[in-house]
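The structure appears below as structure tokens.
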Amino acid sequence: LCSLTSGERFTEFVAPVGDEDIYNFTVTSAGQVVNVVVENDADFSPIRLQLVVFDPGGSAVFNGNQMGNGKQRVESQLVAQSAGTYTVRVRDVGNDAQDRSNPYFLTVTVLEEADGNEPNDEQSAATALTIGTPVTGVIG
């Protein structure tokens, strides 16, 4: 188990066969945007990367894996529903291969809510508009 710092890139290998690398990171408040990326830069690797993100209660909130060949990248972006310690698991999709030659790179970035209009998902919480005044927002 390794603690991750937001914005720092961590390097590791999927090896030996059956290796599952477990990491954790902290979200300080609900509503923060969490971006998790696992990738490698190898043109060929015997593994296919799998990324799973678990919330503080242990429920998987993202489960994705590499499809296809070549350089690999699996990315999760979610809005944290609660503060606490989140867990990330990286492994080979079938958990039956290893790659001692090509590392993977893991980056977790925790950001404040990008849309200053939130919460505005209900009519009663709508953002007021003024004619002639531009307003920006974020969908996603």
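The values are calculated or read from the model by the stated rules, or taken from the named source; none is laboratory data. Here the structure is a predicted model, which means the values were calculated and not measured. Counting neighbours? That spans all protein chains shown, and the Cβs are built from the backbone with ideal geometry, glycine included. Heavy atoms of the whole protein, side chains included, go into the accessibility calculation; ligands, DNA and RNA do not. Shrake-Rupley method; radii C 1.70, N 1.55, O 1.52, S 1.80 Å.
Scan Thr5, Thr28, Thr85 and give me the residue that is more than 30 Å from Asp121 (Cα to Cα) and in contact (Cβ under 8 Å) with a residue 12 or more places away in the chain.
Working: Thr28 fails: more than 30 Å from Asp121 (Cα to Cα); Thr85 fails: more than 30 Å from Asp121 (Cα to Cα).
Sole residue among the options that is more than 30 Å from Asp121 (Cα to Cα) and in contact (Cβ under 8 Å) with a residue 12 or more places away in the chain: Thr5.
Of all residues in the range 121-140, those that are closer than 23 Å to Gln77 by Cβ and at pLDDT below 85 have Cβ atoms under 8 Å from Cβ atoms of residues that are outside any helix (DSSP H, G or I) and among the acidic types (Asp, Glu), 6 or more apart or on another chain, in Gly137/Asp115; Val138/Asp115. Of all residues in the range 92-105, none satisfies being in a strand (DSSP E or B) and β-branched (Val, Ile, Thr). Go through (1) touching a strand residue (DSSP E or B) at 6+ places or on another chain (Cβ under 9 Å); (2) touching a residue at least 12 places away in the same chain (Cβ under 8 Å) and name the single condition Ala60 misses. Here Ala60 meets the rest and fails (2).
Pull up the range 61-100, narrow it to residues that are β-branched (Val, Ile, Thr) and open to solvent by less than 50 Å² (accessible area, probe 1.4 Å), then point me to the one that is nearest to Ser45 (Cα to Cα). Before you say what the answer is, go through the steps one by one.
First pass over the range 61-100, keeping only residues β-branched (Val, Ile, Thr): 61, 74, 79, 85, 87-88, 90, 93.
Among the residues that remain, those that are also open to solvent by less than 50 Å² (accessible area, probe 1.4 Å) are: 74, 87-88, 90, 93.
Working: Val74: 15, Thr87: 25, Val88: 21, Val90: 15, Val93: 12 Å.
So, considering only residues that are β-branched (Val, Ile, Thr) and open to solvent by less than 50 Å² (accessible area, probe 1.4 Å), the one nearest to Ser45 (Cα to Cα) is Val93.
Restricting attention to the range 21-49, the residues being touching an Asp or Glu at 6+ places or on another chain (Cβ under 9 Å) and among the charged types (D, E, K, R) number 3.
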